[in-house]
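Visitor: What follows is a single structure, and I will ask about it in a moment.
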Amino acid sequence: MSHPLINRDPNLCRLRDEGFELEVRSGHLLIHSVPYVNSRCEIATGTLVMVLAGEASTIPPGHTAHFIGDCPCNTDGSEIVQIKNNGRTNVLAPDLTVNQFFSAKLRSGAYTNYHEKVTLYVEIISGPARALNPDPKITAQTFKPIVSAEQDTVFNYMDTASSRAGILACTQQFIGRKIAIVGLGGTGSYVLDLVAKTPVAEIHLFDGDVVRQPNAFRLPGALSLEELEAVPNKVDHFHSIYSKLRRGIFPHPEKITADNVAELRAFDHVFLCVDKGTPRRLVVDALRGTKTTIIDVGMGVQLSPETQKLWGVCRVTTLTGERHGDAEHFIPFEDIEDDGVYSNIQIADLNCLNAALAVIRWKKLCGFYADDTSEHQAAYTTNTNIITNSEKPE
């Protein structure tokens with residue numbers, strides 16, 4: 001069974017029809033059973049590996065390639081230095097480890113299709129093997145069928161950005177995790193935008209409010225006038241948008257209350273994106289003693305009467321399972337009816353920044369980013385352009 005991407009690309013189809021053993025795995029094209037000469041002047045076979053461009057493009061994104069096997073050599077056992085870049089083992093994805101990195105540029109410029117790139121690399125790598133042994137069986141065109149089914153993924157199309165950047169192994173840290181976002185206002189909606197682009201298993205959206213005209217100026221993307229006039233539920237609106245990208249998004253058109261807060265115990269991470277102390281207290285108390293991590297966000301904006309300029313603060317507080325008891329030192333639980341300037345104007349850039357800081361902190365917890373501080377609270381202030389880390393006071 002061929003991969004659907006191969007069926008859609010006439011040049012990949014041509015390679016398959018010419019007998020090359022093709023497989024699509026973790027955003028890469030694998031060409032199996034490529035003969036080559038090793039350093040002992042023996043004929044062996046390896047696998048050529050190339051990054052796939054994506055669903056809509058048939059043009060290779062670069063001139064490099066990887067190889068699974070020893071460094072291909074000439075007939076005398078000397079390495080083919082014309083294409084060798086390095087011979088370091090590299091993990092491209094949890095299910096894909098390569099041993100060699102090649103670079104073969106065309107004199108005429110970039111490769112125009114995968115048939116051109118694959119056949120040139122195979123000719124360079126396999127030429128010495130055929131010179132040693134003219135047996136027609138010494139060929140990469142084996143006509144052996146390769147089963148290449150769709151990968152288990154939450155995305156509706158391939159994440160070629162991660163494969164092209166070589167960070168698929170890091171991205172796997174998110175697989176299987178279940179996320180809840182409580183509050184889909186300015187900050188929560190940007191949290192969704194960023195988290196939706198990771199391969200987490202589930203994203204549950206909790207918000208009982210609807211999208212109104214003031215919301216439109218601090219949410220990601222844009223709404224038409226007709227969409228605003230329909231007054232959609234926030235969670236349904238965002239579900240319809242991000243379901244175009246992925247599966248596993250579940251809308252809950254309800255506020256978190258004492259009746260449903262226990263549902264949050266089923267999640268690995270909860271992004272708490274509300275602007276009132278009462279729901280914060282409700283969530284923190286309900287998750288106390290569990291393994292669920294809470295990432296609470298908050299903003300404050302003030303207008304200076306002297307300068308008539310704004311200054312703002314974006315806060316991110318992290319409560320891991322063993323640190324839930326520290327909530328009193330970090331999180332504001334009081335309800336403030338008049339939140340000053342922030343409640344009256346739209347500041348999408350601060351919403352976006354607050355969300356980005358929260359998601360970066362979450363990615364550190366997942367092991368995606370290196371973390372040398374493990375801070376429990378960070379606050380960015382606009383006027384000083386400084387991020388300050390805080391720990392529980394002694």
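The values are calculated or read from the model by the stated rules, or taken from the named source; none is laboratory data. Because the structure is a prediction, the values reported are computed rather than measured. Reconstructed Cβ throughout: ideal geometry from the backbone, glycine too, with neighbour counts over all protein chains shown.
Okay, residues lined up against (1) within 13 Å of Val316 (Cβ to Cβ); (2) of a type outside the set (Val, Ile, Thr):
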residue: Leu357; (1), (2): yes, yes
residue: Ile360; (1), (2): yes, no
residue: Lys364; (1), (2): yes, yes
residue: Gly367; (1), (2): no, yes
residue: Asp371; (1), (2): no, yes
residue: Glu375; (1), (2): yes, yes
residue: Ala378; (1), (2): yes, yes
residue: Asn385; (1), (2): no, yes
residue: Glu391; (1), (2): no, yes
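Visitor: Looking at Ala230, Ala258, which is the one that is loosely packed, with under 13 Cβ neighbours inside 10 Å, without any contact (Cβ under 8 Å) to a residue 12 or more places away in the chain and of a type outside the set (Ser, Thr, Tyr)?
Guide: Ala230
Visitor: Farther than 24 Å from Ala169 by Cα and touching a residue at least 40 places away in the same chain (Cβ under 8 Å) - does that describe any residue in the range 91-105?
Guide: Of the range 91-105, the ones farther than 24 Å from Ala169 by Cα are 104-105.
Okay, now just the ones that are also touching a residue at least 40 places away in the same chain (Cβ under 8 Å), so 104-105.
Checked the range 91-105: at least one residue is farther than 24 Å from Ala169 by Cα and touching a residue at least 40 places away in the same chain (Cβ under 8 Å).
Visitor: For the subset of the range 60-82 comprising residues that are of a type in the set (A, V, I, L, M, F, W, C) and touching a residue at least 24 places away in the same chain (Cβ under 8 Å), which member is nearest to His115 (Cα to Cα)?
Guide: The selected residue is Ala65.
Visitor: Hey, Ile167 hits all of (1) under 30 Å from Thr292 (Cα atoms); (2) surrounded by fewer than 19 Cβ atoms within 10 Å (Cβ to Cβ); (3) modelled with pLDDT of 90 or more but one; which does it fall short on?
Guide: Unmet for Ile167, out of (1) under 30 Å from Thr292 (Cα atoms); (2) surrounded by fewer than 19 Cβ atoms within 10 Å (Cβ to Cβ); (3) modelled with pLDDT of 90 or more: (3).
Visitor: Across the range 303-328, what is the number of residues that are surrounded by 14 or more Cβ atoms within 10 Å (Cβ to Cβ) and either modelled with pLDDT under 85 or not small (Gly, Ala, Ser) (or both)?
Guide: First, pick out the residues of the range 303-328 that are surrounded by 14 or more Cβ atoms within 10 Å (Cβ to Cβ): 303, 310-320, 323-324, 326-327.
Then drop every residue that is not either modelled with pLDDT under 85 or not small (Gly, Ala, Ser) (or both), which leaves 303, 310-311, 313-320, 323-324, 326-327.
Residues that pass the stated criteria total 15.
Visitor: Looking only at the range 329-354, which residues are part of a loop (DSSP other than H, G, I, E, B), at pLDDT below 75 and either surrounded by 15 or more Cβ atoms within 10 Å (Cβ to Cβ) or over 35 Å from the mean Cα position of the chain (by Cα) (or both)?
Guide: Hits for the range 329-354 are Asp335, Ile336, Glu337, Asp338, Gln346.
Visitor: Among (1) farther than 24 Å from Thr292 by Cβ; (2) at pLDDT 95 or above, where does Arg361 come up short?
Guide: (1)
Visitor: When you scan the range 37-85, how many residues do you find that are closer than 19 Å to Leu96 by Cβ and part of a strand (DSSP E or B)?
Guide: Within the range 37-85, residues that are closer than 19 Å to Leu96 by Cβ and part of a strand (DSSP E or B) number 13.
Quick grid of which residues meet (1) over 35 Å from the mean Cα position of the chain (by Cα); (2) at positive phi; (3) surrounded by 17 or more Cβ atoms within 10 Å (Cβ to Cβ); (4) of a type in the set (Ser, Thr, Tyr):
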| site | (1), (2), (3), (4) |
| --- | --- |
| Asn85 | no, no, no, no |
| Ala93 | no, no, yes, no |
| Val98 | no, no, yes, no |
| Leu106 | no, no, no, no |
| Gly109 | no, yes, no, no |
| Tyr114 | no, no, yes, yes |
| Ser126 | yes, no, yes, yes |
| Asn133 | yes, no, no, no |
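Visitor: Here is a follow-up. Say whether the condition of being surrounded by 15 or more Cβ atoms within 10 Å (Cβ to Cβ), at pLDDT 85 or above and within 22 Å of Pro220 (Cα to Cα) is met by at least one residue in the range 366-376.
Guide: Just the residues of the range 366-376 that are surrounded by 15 or more Cβ atoms within 10 Å (Cβ to Cβ), to begin with: 366, 368, 375-376.
If we keep only those that are at pLDDT 85 or above as well, we get 366, 368, 375-376.
If we keep only those that are within 22 Å of Pro220 (Cα to Cα) as well, we get none.
No, every residue in the range 366-376 fails to be surrounded by 15 or more Cβ atoms within 10 Å (Cβ to Cβ), at pLDDT 85 or above and within 22 Å of Pro220 (Cα to Cα).
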